[in-house]
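Just below is one structure, and these are the notes that go with it.
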Amino acid sequence: MAIYLKRGATAEAKADADRKVRDIVEAALADIEARGDAAVREMSNRFDNWDREDYRLSQAEIDACVESLSAQERKDIEFAQAQVRNFAQIQRDSMKDVEVETLPGVVLGHKNLPLNSAGCYVPGGKYPLLASAHMSVITAKVAGVKRVITCAPPFQGKPARAIVAAQAMAGADAIYALGGIQAVGAMALGTETIDPVDILVGPGNAFVAEAKRQLYGRVGIDLFAGPTETLIIADEIGCDPEMAATDILGQVEHGPDSPGVLLTNSERFARETMAEIERLLQILPTADHARKAWETFGEVIVADSYEEMVRVADEIASEHVQVMTADPDYFLKHMTNYGALFLGNRTNVSFGDKVIGTNHTLPTRKAARYTGGLWVGKFIKTCTYQRVLTDEASAMIGEYCSRLCALEGFAGHGEQANIRVRRFGGRDVPYAGQAEPTPATAA
């Protein structure tokens, strides 16, 4: 049975925080819907101390951000974007349109249709997370989305140059210097100066995640991407305490509400890792954020076996699951609930976050139980179609449909079938509801 050497915040405490966020977001979105640009401007001033005549960046401003990059910075961004584009294209190529004659004269098919517009949120209030531009804009463009707009908050009182450059290099059609609820609300609801989009994507803080949740239905969303979560699954053969501690702190520095969890089968390894975390917190430049997250949301769990580790990990359903054990493939084979797996100690979550090519927008708060992360498929609708080629096929399907409609009591539905049995099959079928359908000939 698994034991907890350290537990995070209670469910009650998390629920109370969620309620406060929910109320703030609900009021803000209602204001944006009612007052449009005026509400967006007020919120931008209040939350980001940021105001300008037009929040959409001009081409000259965008060009200046791109030109501000050093040669190495530009090369690094291009490398990362090439990896994201390559894997997104591989994913897109795996999605095939189909058309097949399922019965004589009956043709069914589906087409994979890109959405017409997407709004990509790139977080950047605390850290300029330019990688989110690659993950969202490039993925949408590879999917074939015609209009892709982006929003990112200002950084240190001006547009975040690296984010803007990355958005432009990724192919964004319009770039806005807006953050938080006001950015998400404007993209989804539309204002006098921002046309609404069909889907919202991208990670963000608790307010951004809640805004997306409340807007879902008005627009599509990629997933509920709240505070970063990381789960380290490790044993004494596949990892060492310093590496495990480093990989936990490397993710909880995102913010004070980012959970970091260690799951191991060795109590000695667990305690040594906890000691390493305390040592590293004395020297880590982002220790202020990391310590709050570790103290409030960090957990350490000791399980008896790999089998139990899988059970606990699937129950946690973490966004990031880093597996550093003697047999990482055991977890690839048996785990079912995770946003992304990072197998073996040669890779890590940061590789996925920044450069390796898989998408870093991933499900949080147990959403990994029912969805994966952002990929080209999120920007594509798989839409079915059908055609019936012969009179005989139409009459045959019609007879089955008529009887099934009668079973459900749908007279109008049944008449849609019956008129085709009369027209194309030459059968004298009574109008739906007047009498039992004439017995049909077996197909």
- Note on the structure: Here the range 123-135 yields Karplus 3J(HN,Hα) values (6.51, -1.76, 1.60; θ = phi - 60°; whole Hz; Gly and Pro given as x) of x, x, x, 9, 10, x, 7, 4, 4, 5, 5, 4, 5
- Note on the structure: Heavy-atom accessible area of the range 28-111 with neighbours in place, 1.4 angstrom probe: carbon+sulfur share in percent works out to 52 percent
- In what order, largest first, do Asp195, Asp235 sit by accessible area if the probe radius is 1.4 Å? Asp195, Asp235
- Note on the structure: Simple spin-label estimate for Arg268/Ala30, 7 Å along Cα→Cβ, in nm, reads 6.0 nm
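With a probe of 1.4 Å, find how much accessible area the chain has per residue, and write the answer as a whole number in Å².
On the way: 21310 Å² over 443 residues.
Here the per-residue accessible area is 48 Å².
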- Message: Students often check this: by mean Cβ neighbours within 10 Å, which of 100-106, 131-137 ranks highest, and how do the rest follow?
- Response: 131-137, 100-106
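If Trp375, Trp50 are ordered by their accessible area, calculated over protein heavy atoms with a 1.4 Å probe, which sequence runs from highest to lowest?
Solvent-accessible surface, decreasing: Trp375, Trp50.
Report, for the range 10-164, the % of DSSP beta bridges that are antiparallel, rounded to 5.
Counting only bridges with both partners in the range 10-164, antiparallel ones make up about 55 percent.
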- Task: Write down the percent of antiparallel bridges among all DSSP beta bridges whose residues are both part of the chain, to the nearest 5.
- Result: 35 percent
- Query: Is the range 64-216 rounded, prolate or oblate when judged by the Cα gyration tensor, a ≥ b ≥ c being the square roots of its eigenvalues, rounded requiring a/c under 1.5 and prolate requiring a/b larger than b/c?
  - Reply: oblate
- Task: Find the relative contact order for the chain and round it to a whole percent, using C-alpha pairs within less than 8 Å whose residues are 6+ positions apart.
- Result: 18 percent
- Please list Tyr431, Tyr338, Tyr4 in order of solvent-accessible area, largest first, computed with a 1.4 Å probe with all protein chains present. Tyr431, Tyr4, Tyr338
- Query: Tell me, what is the percent relative contact order of the range 306-443, built from C-alpha pairs under 8 Å that lie six or more residues apart?
  - Reply: 16 percent
- Are any of the pairs Lys141/Lys381; Lys6/Lys212; Lys333/Lys366; Lys126/Lys292; Lys6/Lys366; Lys20/Lys354 more than 26 Å apart by Cα-Cα distance, and if so, which? Lys6/Lys212; Lys20/Lys354
- In deg cm²/dmol, rounded to the nearest 500, the helical mean residue ellipticity at 222 nm of the chain, built from -39500 (n - 2.57) for every DSSP H run of length 4 or more, is -14000 deg cm²/dmol
- Message: What whole-number distance in Å separates the alpha-carbon centres of the range 1-44 and the range 56-127?
- Response: 29 Å
- In nm, give the distance between the simple-model label positions of Thr10 and Glu67, each being 7 Å from the Cα along the Cα-to-Cβ direction. 5.9 nm
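The values are calculated or read from the model by the stated rules, or taken from the named source; none is laboratory data. Owing to the predicted nature of the structure, the values given are computational and were not obtained by experimental measurement. Methodologically, a virtual Cβ is constructed for each residue, glycine included, from the backbone with ideal geometry; neighbour enumeration extends over all protein chains shown. The area values use the complete protein model at the heavy-atom level, side chains included, leaving out ligands, DNA and RNA. Shrake-Rupley method; radii C 1.70, N 1.55, O 1.52, S 1.80 Å.
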